[in-house]
Amino acid sequence: CQCPSHSHTYSQAPGLSPSGKTTDYAFEMAVSNIRYGAGVTKEDLQNMGAKNVCLMTDKNLSQLPPVRIVMDSLVKNGINFKVYDNVRVEPTDRSFMEAIEFAKKGAFDAYVAVGGGSTMDTCKAANLYASSPHSDFLDYVSAPIGKGKPVSVPLKPLIAVPTTSGTGSETTGVAIFDYEPLKVKIGIGSRAIKPTLGLIDPLHTLHMPDRVVANSGFDVLCHALESYTALPYHMRSPCPSNPISRPAYQGSNPISDIWAVHALRIVAKYLKRAVRNPDDLEARSSMHLASAFAGIGFGNAGVHLCHGMSYPISGLVKTYKAKEYNVDHPLVPHGLSVVLTSPAVFTFTAQMFPERHLETAEILGADTRTARMADAGPILADALRKLLLDLDVDDGLAAIGYSKADIPALVKGTLPQERVTKLAPRPQSEEDLSALFEASMKLY
């Protein structure tokens, strides 16, 4: 059977008692409540029961309809609120701490995040540290950079209103930022920080420029591909001695697989349409849902090498400024930094679970009828290159300002990303990472 529930032979997971195991024996499904529909943004704010709300967004969005709709709803329902619009696109430890300080001073009893992943992740961090005011910033940051402590304090309700179709952050217990002292991206990962409710309103997607739609969509694409090809949960170690220590990213499992495959099918059908026609409400609505579906998948399974390698690509950016992003600093959008390595990564990982790599290549349009398992990696890589070429994506890392001389720094920035790289189905050495970065310098 090749269905998602059985194509990793999950039923053959060892049946030993928890006390004697070195690899995990269970997985947990955790996801925010989700509400979807055109106009849904104004629905739930009257039911929050909150008296003092923190509304987080960024400077660009603060002038756009999604934020105005939320503010109007808060005013209409007589809810006091303060606006924090200083969220940084691609946040840093410093920008997180500024938001945390605002949250601590405000004594808020609920939070509303309106924006993309940067806003939702910043709001998660603000809620966490305002609820745990005596914690050091690195206490909850993932190891090996932070201490990776489990979250045991109760958090305030957080409603997430995504305005892009990429991160799926409205469904996940993960918050990602640039750690400036080391120039790497790292995260806080805990089920405790996931939003209470995600309000997925497709009307918010109509304001997105086509490059933002494309780069957001590439994040959905890689979330789906990476979570579906990740190390199976019962092969991940160590086995937690306490369930609270089980990571949010657990490895692929029968539930996350279903969401990942479904999201990938939507991407294959609608991404190009959503990029090319801003008025195609069906395509943009579908991508908005696909982002949440992939979020449910990777939020429980995890991602692996494309994301692990993307963090230094974003963090070490020199002068590249992405088209159609209104920011005042060099920026490689997250989805772009992730997808540029995808052909090389899936060529590398395919030898472990070739049937899954072939299955995803077929979903993306490849003809796999006469394909051999040994060719799964190159077939998936070709399908990805074709998609990227069709959508006019920069020709590899060289096109965004990197050269072979940068590879040692890119590898060094990937090594701390064990939270995700250890979920790759194939272990990788520093030499492997160097080769993957070199293969990603040019795509076409």
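Assorted remarks:
- Unsatisfied cross-links (Cα-Cα over 26 Å) in the set LYS59/LYS156; LYS269/LYS404; LYS21/LYS422; LYS59/LYS147: LYS269/LYS404; LYS59/LYS147
- Rounded to the nearest 5, the antiparallel percentage of DSSP beta bridges internal to the chain is 20%.
- Listed residues TYR140, VAL153, HIS234: farthest to the positive end of the dipole of the chain (Cβ charges): VAL153
- Only lysines eight or more places from LYS76 in sequence, or on another chain, were considered; those with a Cα closer than 20 Å are LYS42, LYS51.
- Only one residue of HIS204, GLY187, GLY217 has its Cα farthest out toward the positive end of the dipole of segment 150-260, where Lys and Arg carry +1 and Asp and Glu -1 on Cβ, and that residue is GLY187.
- Accessible area in square angstrom per residue, the chain, 1.4 angstrom probe: 39
- Dipole magnitude for segment 33-205: about 240 debye, using +1 per Lys or Arg Cβ and -1 per Asp or Glu Cβ, origin at the Cα centre.
- Its Cα centre serving as origin, the chain has a Cβ charge dipole (Lys and Arg +1, Asp and Glu -1) of approximately 620 debye.
- Phi-based couplings in Hz for segment 373-380 (Karplus 6.51, -1.76, 1.60; Gly and Pro marked x): 4, 5, 9, 4, x, x, 5, 5
- Protein accessible area in the chain, 1.4 Å probe - carbon and sulfur %: 53
- Annotation: amide H-H contacts under 5 Å for GLY198 (H modelled 1.01 Å from N, sequence separation of 5 or more, or interchain): ASN33, ILE34, ARG35, ALA160.
- Rounded Å value of the spacing that divides the Cα centres of segment 102-147 and segment 77-98: 10
- All C-alpha to C-alpha distances of segment 38-77, sorted into 10 Å bins beginning at zero, yield P(r) values of 26, 59, 15 percent in whole numbers.
- Convex hull (Cα only) mean projected area of segment 208-440, reported in nm² to one decimal: 12.7
- Of every Cα-Cα pair in segment 33-205, the percent that sits beyond 29 Å: 13
- Against the chain, whose longest principal axis comes from its Cα atoms, helix 117-131 is set at around 60 degrees.
- In nm, spacing of pseudo-spin labels at LYS59 and ARG35 (7 Å Cα→C-beta vector): 3.3
- Checked against a 22 Å cut-off, the cross-linked pairs LYS124/LYS321; LYS272/LYS386; LYS185/LYS318 give Cα-Cα distances beyond that limit for LYS124/LYS321.
- In units of the rule-of-thumb radius 2.2 N^0.38 Å, the chain shows an alpha carbon radius of gyration of 0.92.
- Relative contact order [Cα under 8 Å, 6+ residues apart], the chain, whole percent: 16
- Whole-Hz ³J(HN,Hα) from phi, Karplus 6.51 cos²θ - 1.76 cosθ + 1.60, for segment 214-220, glycine and proline x: 5, 5, 5, x, 5, 5, 4
The values are calculated or read from the model by the stated rules, or taken from the named source; none is laboratory data. Predicted model, so just to flag it, every value in this text is computed and none were measured. Every residue, glycine as well, gets a Cβ built from its backbone with ideal geometry; the counts of neighbours run over all protein chains shown. Surface accessibility is based on the protein's heavy atoms, side chains included, excluding ligands, DNA and RNA. Shrake-Rupley method; radii C 1.70, N 1.55, O 1.52, S 1.80 Å.
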